[in-house]
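The values are calculated or read from the model by the stated rules, or taken from the named source; none is laboratory data. Computed from a predicted model, the values in this text were never measured in an experiment. Cβ: placed from backbone, ideal geometry, glycine included. Neighbour counts: every protein chain shown.
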Amino acid sequence: MNIRAALILLFMPVIPICTAQKLPEGYILQYQQNFNDAKSLSDFSVVKPELWGIYKAGANYYLQFAGSGTYNTQPALPQNLAILKNHIFGDFILEADVMPLIDTSGFGEICLFLGIKDQSKYYCIQLANRCDSLTHGIYVVKNSVAKKLTPSDIQPVTWIKDKWLKIRLERDIVKRTIVVYAGDLKHPLLRTKDYELVMGSVGFGSFAGAGQIDNIRIWAPTVISDE
């Protein structure tokens with residue numbers, strides 16, 4: 001019995017290493033942010049700055065944005081965007097903790113953005129707890145018109161009140177693929193292949209709802225400054 005216990009203790013320290021995020025060869029950490037600094041928000045170009053701020057719960061700091069309107073129908077385009085400045089990515093892997101603030105109808109959504117050229121051309125990933133022809137999926141925005149690239153019968157996200165959800169976004173510009181994981185980092189929730197856009201900025205936000213973002217990490221083989 002003592003030998004068995006000793007073996008368990010011996011192997012416990014290596015478990016986190018074995019289950020750690022596996023990165024493609026050549027990928028390095030290019031950006032990380034946990035919002036512990038009051039100036040963290042200055043890393044982002046924010047649409048509607050009055051809706052965004054750094055908040056604290058217990059010892060944890062995070063980025064939060066308020067909703068931009070009543071969510072009766074899907075707005076034509078996302079209304080809340082925070083775009084990471086001075087970082088243009090091609091291939092990359094992004095991880096973050098997200099938590100929408102559920103509205104009175106029980107609906108919650110968070111968006112990730114990539115390939116941003118400007119506010120009229122980018123990819124948008126909406127993670128929501130409802131899926132239909134207008135909600136929850138991967139979109140390409142071109143000339144300020146959003147087109148959904150994923151089916152309307154895919155599994156939505158299950159949000160748990162006051163609990164952060166780990167998400168991961170993988171972008172391969174050679175294969176032109178976008179793959180998204182939510183909670184389960186072994187099995188993709190959303191995926192698509194599209195040839196419209198290549199390199200661009202990344203960001204966070206929503207179509208209209210409120211939400212919280214924390215613990216951002218982005219790995220890539222390279223990053224280009226837009227300055």
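I'd like the residue in the stretch 108-134 that is of a type in the set (Lys, Arg) and in contact (Cβ under 8 Å) with a residue 40 or more places away in the chain and, out of all such residues, is nearest to GLN155 (Cα to Cα).
Residue satisfying both the conditions and the ranking: LYS121.
Only one residue in ASP153, ASP162, ASP172 is of a type outside the set (S, T, N, Q) and without any contact (Cβ under 8 Å) to a residue 24 or more places away in the chain, so which one is that?
Of ASP153, ASP162, ASP172, the one residue that is of a type outside the set (S, T, N, Q) and without any contact (Cβ under 8 Å) to a residue 24 or more places away in the chain is ASP153.
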For ALA20, state whether it is part of a loop (DSSP other than H, G, I, E, B) and modelled with pLDDT under 50. yes
Is there a residue being at pLDDT below 90 and surrounded by 18 or more Cβ atoms within 10 Å (Cβ to Cβ) anywhere in the stretch 49-72? yes
